[in-house]
Amino acid sequence: MTSQPMRPDRHDAHEAGRPDGAAAVVIGGGLAGITAALTLADAGLRVTLVEGRPRLGGLVFSFRRESAAGELSVDNGQHVYLRCCTAYDWFLGRVGARGLVPLQDRMDVPVLDADGLRLGRLRRTALPVPLHLARSLATYPHLSLAERANVGRAALALKKLDPQDPRLDGVDFASWLRRHGQSPRAVEALWDLVGVATLNARAGDASLGLAAMVFKTGLLSDNSAADIGWARVPLGEVHDTLAREALEKAGVRVELRTRASGLDRAADGSWRVTVDNGPHGREQLTAGTVVLALPQRETHGLLPAGSLDDQDRLLDIGTAPILNLHVVYDRPVLRKPLFAALGSPVQWVFDRTESSGLAALPGGAGSQYLAVSQSAAQDDIDRPVAELRERYLPELARLLPAARGAGVRDFFVTRERTATFAPAPGVGRLRPAARTQNPGLYLAGAWTATGWPATMESAVRSGLGAVREALTELGFPQGQLPQEVA
Ligand SMILES: Cc1cc2nc3c(=O)[nH]c(=O)nc-3n(C[C@H](O)[C@H](O)[C@H](O)COP(=O)(O)OP(=O)(O)OC[C@H]3O[C@@H](n4cnc5c(N)ncnc54)[C@H](O)[C@@H]3O)c2cc1C
């Protein structure tokens, strides 16, 4: 789908019969920007969404790759969500993708210890919180009896914490776990098993506030909160193709390959966004409402002076990498859809045979495609592919006996060096709210002050939050805000 050349007059906020502010520009076509554009359009604004890349979805995307088995659809990185991610669930419904990204009936994670190949299972029951995890914990073979009892006590103490309490922001999660009697083994086999995947940091590098938020919301709020969902189709089908269809249906003008390079205020108070769109050169869009839905560094680059108290603090929000290793075996080596590993550098492994299209390829019959998802991957992110292959294939063979005699038809990696913001202690006070000090200008992005770690949920929430502020400022009475942003 190609976009039409832009005509600046179509973006003028002062189009005949339209009130000031009826035009909006959203900059950045990740989940935050898509959400903001959709909801602004749903509220009746004329919206233009500009995205620098040739596709939507930002950090959630797919690409095609020729492999020995044929052409595969590769995700840049395995993405999962939990039933408690209500905003992302709304997003899936809004773009018509709910059936493509189903949730488990009940949270069920096989946990395999490489030493001795002992298999445990984190599975919830139908009992109310916190009893829904009691049986799993009582029989979890990777911890001693005393460690299991201590985990239960720490979970109850964690439940009492208020993640919004600013005092928790500056404390690291590992110190708190130590103070609450958690052994290094309990940290590895339970707290980091969940925390590294959701926070993209080990306990020592994570803010207690964010960790408390994740564990309280995911494991201690509702018995179904941590049921896991993931896409059964390539990520791009949901977050690019279907998202674009929804935007176009909502009347949003989507401009791809269009980078915003400047933002300033006209004499009449409206915003002027300078965009570079390759062959069409440089143009200006004018609108009463602008949502910046960009990563923190890019936001800092465009943000006009005086928008935040201390704009340079955005540059202090660090980033953290995620690495995915993609392995195509010549035979099935894993019978489960996913598992998490202990005692190994391998973290989480997903079967992507169906969703990558491999199963349907004539050359793919009998083969299996595994994605190994490595969060907080600072140590590995710059290793050459050959080194990663040497490090990880023997580990997978150690964990999966069937992989020992299997042939590897393809091995490649996807590296996301700035996958998430670093959830380091102190990050909470650096994350800005949606509303800036400049009227009509709002911030969105998973890294803004949503209270959530850098997730799809945080991105969608940030987009909804920015629109809530924008519509309120435009005079929508609180009672008449669209349901999703109210
Ligand atoms: C490998 C990996 C695995 C992950 N796993 C999970 C997971 O399992 N679960 C989960 O919930 N989250 C996961 N995440 C995090 C999640 O993907 C992000 O938090 C979320 O997608 C961020 O969305 P966003 O809209 O805030 O930002 P982005 O996706 O970064 O979107 C910003 C957009 O702005 C565009 N842009 C930048 N500059 C300009 C400019 N000047 N003009 C126009 N456009 C511009 C960019 O091209 C980009 O499309 C993962 C991320 C990665 C990378």
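The values are calculated or read from the model by the stated rules, or taken from the named source; none is laboratory data. Since we're looking at a predicted model, the values are computed, not measured. Cβ placement follows ideal geometry from the backbone for every residue including glycine, while neighbour counts extend to all protein chains displayed. Protein only, heavy atoms only, side chains kept; ligands, DNA and RNA dropped before computing areas. Shrake-Rupley method; radii C 1.70, N 1.55, O 1.52, S 1.80 Å.
Within region 80-103, count every residue that is in a loop (DSSP other than H, G, I, E, B) and closer than 22 Å to D222 by Cα. Qualifying residue count, region 80-103: 5.
Of the residues E484, E473, which single one is in contact with a Phe, Trp or Tyr (Cβ under 8 Å, 6 or more places away or on another chain) and not β-branched (V, I, T)?
After ruling out the rest, the residue left standing is E484.
Exactly one residue out of R121, R106 is assigned to a loop (DSSP other than H, G, I, E, B), open to solvent by 10 Å² or more (accessible area, probe 1.4 Å) and away from the ligand (no atom under 16 Å from the Cβ), and it is R106.
The residue of region 246-279 that is farthest from the ligand (Cβ to nearest atom), among those that are in contact with a helix residue (DSSP H, G or I) (Cβ under 6 Å, 6 or more places away or on another chain) and part of a loop (DSSP other than H, G, I, E, B), is G251. If you go through region 145-156 one residue at a time, do you hit one that is among the polar types (S, T, N, Q) and farther than 24 Å from S355 by Cα? Yes, region 145-156 has at least one match. Of all the criteria given as (1) touching a residue at least 40 places away in the same chain (Cβ under 8 Å); (2) β-branched (V, I, T); (3) assigned to a strand (DSSP E or B), the one not satisfied by V238 is (3). When the residues of region 280-305 are filtered to those that are touching a residue at least 40 places away in the same chain (Cβ under 8 Å), more than 9 Å from the ligand (Cβ to nearest atom) and over 24 Å from L474 (Cα atoms), the one that is surrounded by the most Cβ atoms within 10 Å (Cβ to Cβ) is Q296.
On the given criteria, is G99 within 11 Å of the ligand (Cβ to nearest atom), out of contact with any strand residue (DSSP E or B) (no Cβ under 7 Å at 6 or more places or on another chain), small (G, A, S) and open to solvent by 10 Å² or more (accessible area, probe 1.4 Å)? So G99 fails the test. All of (1) open to solvent by less than 40 Å² (accessible area, probe 1.4 Å); (2) under 26 Å from the mean Cα position of the chain (by Cα) hold for G170 with one exception: (1). Taken over region 215-235, residues that are closer than 21 Å to D192 by Cα, in contact with a Gly (Cβ under 9 Å, 6 or more places away or on another chain) and outside any helix (DSSP H, G or I) amount to 2.
Just to be sure before I move on: is D89 crowded, with 18+ Cβ neighbours inside 10 Å, among the charged types (D, E, K, R) and under 30 Å from V427 (Cα atoms) in the structure I sent? Taking the combined requirement at face value, the residue satisfies it. Taken over region 362-380, the criterion of being crowded, with 17+ Cβ neighbours inside 10 Å and either of a type in the set (A, V, I, L, M) or farther than 20 Å from A69 by Cβ (or both) is satisfied by L370, A371, V372, S373, Q374, S375, A376, A377, D380.
Looking at G262, G251, just one residue is over 19 Å from Y442 (Cα atoms) and at pLDDT 95 or above, and that residue is G251.
Taking region 53-79 as the range and being open to solvent by less than 30 Å² (accessible area, probe 1.4 Å), away from the ligand (no atom under 11 Å from the Cβ) and assigned to a loop (DSSP other than H, G, I, E, B) as the test, only A69 passes. Any residue at all in region 24-39 that's open to solvent by less than 20 Å² (accessible area, probe 1.4 Å), in contact with a strand residue (DSSP E or B) (Cβ under 9 Å, 6 or more places away or on another chain), at pLDDT below 95 and not hydroxyl-bearing (S, T, Y)? No - not one qualifying residue is present in region 24-39. Can you tell me which residue within region 419-459, out of those that are near the ligand (Cβ under 8 Å from one of its atoms), among the polar types (S, T, N, Q) and open to solvent by 10 Å² or more (accessible area, probe 1.4 Å), is nearest to L82 (Cα to Cα)? By that ranking, first place goes to T455.
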